[in-house]
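First up is the structure itself, then whatever we jot down about it.
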Amino acid sequence: MLTIVFFIAVTSAALLVALLFWSIANPAQRVWPPPSAQVGWQFWLVWVLVGLLIFATLYVGIADYGSLGLDALPWRVVGGVLLVLGNALAWWGVAALGSRPTTGLAGDLATGGPYRFTRNPQYIGDILILAGFVLAANSWLALWPALLAMISAFIAPFSEEPWLEARLGDAYSDYKRRVRRFI
């Protein structure tokens, strides 16, 4: 069972990375962000993959606990701190942006809350959550889908920014000049 769930986690993460690269290379045929203001197949494809990735990686990390060989207690503490900080940042970003734009659907430009400091607080939070989970679970197998998911969180803004500039115009261009992409 662990092998099957690991395969689901890695495959979901790899497909997300591939879809993001596709969207960056082919903006007219992008999958992310969804090209329509309506919930279409692109929306569902991305969110089903994200859901599979999350649940499969959680299962793998728990089932494979301790296989990474780190000294458990210090790394669980570091992992726990990263999990808490990542969740705080990601959910602060959701609160500032709103649920609809968070899922990739059109919304207004958010420049308050964590968006004063970074254009992508939710992605930074996701990366911290993933790193924290791998360290807390101390799992060799959870490391691989988590790394792929971190790559997807890192490259997603490169797919989103042209879409945001086209939708929001000068307001987004000005925001982009004032606030860094990540840190």
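The values are calculated or read from the model by the stated rules, or taken from the named source; none is laboratory data. For clarity, every value in this text was computed on a predicted model and none was experimentally measured. Ideal geometry is used to build each Cβ from the backbone, glycine not excepted, and the neighbour counts take in all protein chains shown. Heads up: the accessible areas ignore ligands, DNA and RNA and are worked out on the full protein's heavy atoms, side chains in. Shrake-Rupley method; radii C 1.70, N 1.55, O 1.52, S 1.80 Å.
Would it be correct to say that Ala90 is of a type outside the set (Phe, Trp, Tyr), in a helix (DSSP H, G or I), closer than 20 Å to Leu164 by Cβ and in contact with a Gly (Cβ under 6 Å, 6 or more places away or on another chain)? If you could, list the steps in order and put the result at the bottom.
On the way: of a type outside the set (Phe, Trp, Tyr): yes; in a helix (DSSP H, G or I): yes; closer than 20 Å to Leu164 by Cβ: yes; in contact with a Gly (Cβ under 6 Å, 6 or more places away or on another chain): yes.
Yes; evaluated as a whole, the condition is true for this residue.
Just one of (1) more than 29 Å from Trp44 (Cβ to Cβ); (2) buried (at least 22 other Cβ atoms within 10 Å of the Cβ) trips up Asn120, so point out which.
Of everything listed in (1) more than 29 Å from Trp44 (Cβ to Cβ); (2) buried (at least 22 other Cβ atoms within 10 Å of the Cβ), Asn120 misses just condition (1).
One line per residue, one yes/no per condition, for (1) among the acidic types (Asp, Glu); (2) open to solvent by less than 70 Å² (accessible area, probe 1.4 Å); (3) at pLDDT 95 or above:
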{"position": "Thr11", "(1), (2), (3)": "no, yes, yes"}
{"position": "Val17", "(1), (2), (3)": "no, yes, yes"}
{"position": "Trp47", "(1), (2), (3)": "no, no, yes"}
{"position": "Val50", "(1), (2), (3)": "no, yes, yes"}
{"position": "Phe55", "(1), (2), (3)": "no, no, yes"}
{"position": "Val60", "(1), (2), (3)": "no, yes, yes"}
{"position": "Ala63", "(1), (2), (3)": "no, yes, yes"}
{"position": "Leu68", "(1), (2), (3)": "no, yes, no"}
{"position": "Leu83", "(1), (2), (3)": "no, yes, yes"}
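Could you please tell me which pairs satisfy a Cβ distance under 7 Å, a separation of 6+ or placement on different chains, a first residue in the range 32-57 that is over 20 Å from Pro101 (Cβ atoms), and a second residue that is in a loop (DSSP other than H, G, I, E, B)?
Filtered contacts from the range 32-57: no entries.
Residues Phe158, Phe154, Phe117: which one is of a type in the set (Phe, Trp, Tyr) and either more than 18 Å from Ala14 (Cβ to Cβ) or touching a Cys at 6+ places or on another chain (Cβ under 9 Å) (or both)?
Details: Phe158 fails: either more than 18 Å from Ala14 (Cβ to Cβ) or touching a Cys at 6+ places or on another chain (Cβ under 9 Å) (or both); Phe154 fails: either more than 18 Å from Ala14 (Cβ to Cβ) or touching a Cys at 6+ places or on another chain (Cβ under 9 Å) (or both).
Criteria check complete, one pass: Phe117.
Would you mind telling me which numbered condition in (1) touching an Asp or Glu at 6+ places or on another chain (Cβ under 9 Å); (2) open to solvent by 60 Å² or more (accessible area, probe 1.4 Å); (3) among the aromatic types (Phe, Trp, Tyr) Trp32 fails?
Every listed condition holds for Trp32 apart from (2).
Checking Ala72 against (1) modelled with pLDDT of 95 or more; (2) farther than 21 Å from Phe43 by Cα; (3) open to solvent by less than 50 Å² (accessible area, probe 1.4 Å), which single condition isn't satisfied?
The one condition Ala72 does not meet is (1).
Checking the condition of a type in the set (Asp, Glu), in contact with a helix residue (DSSP H, G or I) (Cβ under 8 Å, 6 or more places away or on another chain) and at pLDDT 95 or above, which residue from Asp108, Asp126 passes? First the steps, then the outcome.
Values: Asp108 fails: at pLDDT 95 or above.
Testing whether each residue is of a type in the set (Asp, Glu), in contact with a helix residue (DSSP H, G or I) (Cβ under 8 Å, 6 or more places away or on another chain) and at pLDDT 95 or above leaves just Asp126.
Ala95 is checked against (1) farther than 19 Å from Ala149 by Cβ; (2) outside any helix (DSSP H, G or I); (3) of a type in the set (A, V, I, L, M) and fails just one. What number does that condition carry?
Going through the list (1) farther than 19 Å from Ala149 by Cβ; (2) outside any helix (DSSP H, G or I); (3) of a type in the set (A, V, I, L, M), Ala95 breaks only (2).
Could you tell me whether Pro34 is touching a Gly at 6+ places or on another chain (Cβ under 7 Å), farther than 23 Å from Thr3 by Cα and not small (Gly, Ala, Ser)?
Numbers: touching a Gly at 6+ places or on another chain (Cβ under 7 Å): yes; farther than 23 Å from Thr3 by Cα: yes; not small (Gly, Ala, Ser): yes.
For Pro34, the condition - touching a Gly at 6+ places or on another chain (Cβ under 7 Å), farther than 23 Å from Thr3 by Cα and not small (Gly, Ala, Ser) - is met.
So which helices (runs of 4 or more DSSP H) are wholly in the range 99-183 and hold at least 3 residues that are of a type in the set (Val, Ile, Thr), within 26 Å of Ile54 (Cα to Cα) and within 16 Å of the chain's Cα centre (by Cα)? Give the derivation first.
Numbers: elements: 99-102, 121-137, 140-168, 170-178.
Fully inside the range 99-183 and qualifying: 121-137.
Considering only residues that are of a type in the set (Gly, Ala, Ser) and either surrounded by fewer than 18 Cβ atoms within 10 Å (Cβ to Cβ) or over 30 Å from Asp64 (Cα atoms) (or both), which ones fall in the range 142-183? I'd like the intermediate steps shown before the answer.
So in the range 142-183, the residues of a type in the set (Gly, Ala, Ser) come out as 142, 146, 149, 152-153, 156, 159, 166, 169, 171, 173.
Across the range 142-183, the qualifying residues are Ser159, Ala166, Gly169, Ala171, Ser173.
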